[in-house]
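Let me begin by presenting the structure, written as structure tokens, before commenting on it.
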Amino acid sequence: MKNSEITDAVILSAGFSSRMKSHKAFLYFENKKTFLEKIIGTYTEAGIKNIFVVINSEIESKAKDVLSGFHRNIRIRLILNESPEKGRFFSIRQGLQKSEGDFCFLQNIDNPFISAHLLTEMLNVVKDNSYVVPAFYEKEGHPLLLSSQIVKYLLSLTEDSHHLRKELSNFEKIKLQCMNEGILTNINSVEDYKKYFFYL
């Protein structure tokens, strides 16, 4: 397994969640844990200690409150995206700018059904100049695990209109087959949330 000590994670949470009753980061997952707490907890369980959360100004104060509950040995930093209207790729680059690890996970806040086992398996197969994507019966999901070479390449792109998947096609893709259908699940609306949870 690649050393989790030299692997970072970027959690993308700068959107405004306009189709939800509250921001996705603070939706409840289980045991009164929010999506943000659950996702961070899963990464720390997998040994990832450098975590960067890209947020917008509307949730900055509440996000700080959530993060105050984590142990100080875990390095969690909030990255304020002051221009979320610039789109997803802009948020990605803001998070990746802080990554100094050999590898970096890219995690969406609305894909909470991850496990420490999945993250460990992804670390087992990643290589330099490559990225790992989990797949359920060949259908690709989330999160992604990027090598530092890919991170540097993405940061070299100056336009915010780039599409991540298109840019990743320049590198080797390692598809990791897994039996966790949750890697395909995006919680984008109240209806999506109600399929899995009963808190709304």
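Would you mind ranking 75, 88 by Cβ crowding within 10 Å, fewest neighbours first? All intermediate terms of the calculation are to be shown ahead of the outcome.
Values: 75 12, 88 16.
Lowest to highest Cβ neighbour count: 75, 88.
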- prompt: Which whole-number percentage describes the relative contact order of the chain, with Cα contacts under 8 Å and a sequence gap of 6 or more?
  reply: 25
message: With 10 angstrom as the radius, rank 91, 22, 156 by how many other C-beta atoms surround their C-beta, starting from the fewest.
response: 156, 22, 91
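Give, as a single signed number, the net charge of other residues whose beta carbon lies under 14 Å from the beta carbon of residue 158, with Lys and Arg counted +1 and Asp and Glu -1.
Details: positive: 86, 93, 152; negative: 159, 160, 167.
Its environment carries a net charge of 0.
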message: Among DSSP bridges having both ends in segment 4-196, what percentage is antiparallel? Round to the nearest 5.
response: 30
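Rounded to the nearest 500 deg cm²/dmol, what is the calculated helix-only ellipticity per residue at 222 nm for the chain, with -39500 (n - 2.57) per DSSP H run of length n ≥ 4? Numbers along the way, then the final one.
Working: 7 runs with 59 residues, N = 200.
So the calculated ellipticity at 222 nm is -8000 deg cm²/dmol.
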- prompt: Among the lysines, which have Cα under 19 Å from the Cα of residue 49 when same-chain residues fewer than 8 positions away are ignored?
  reply: 2, 38, 64, 98
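Bear in mind that the values in this text are calculations on the coordinates, not laboratory data. None of the values given here were measured: they were computed from a predicted structure. Glycine gets a Cβ as well: all are built from the backbone with ideal geometry, and neighbour counts include every protein chain shown.
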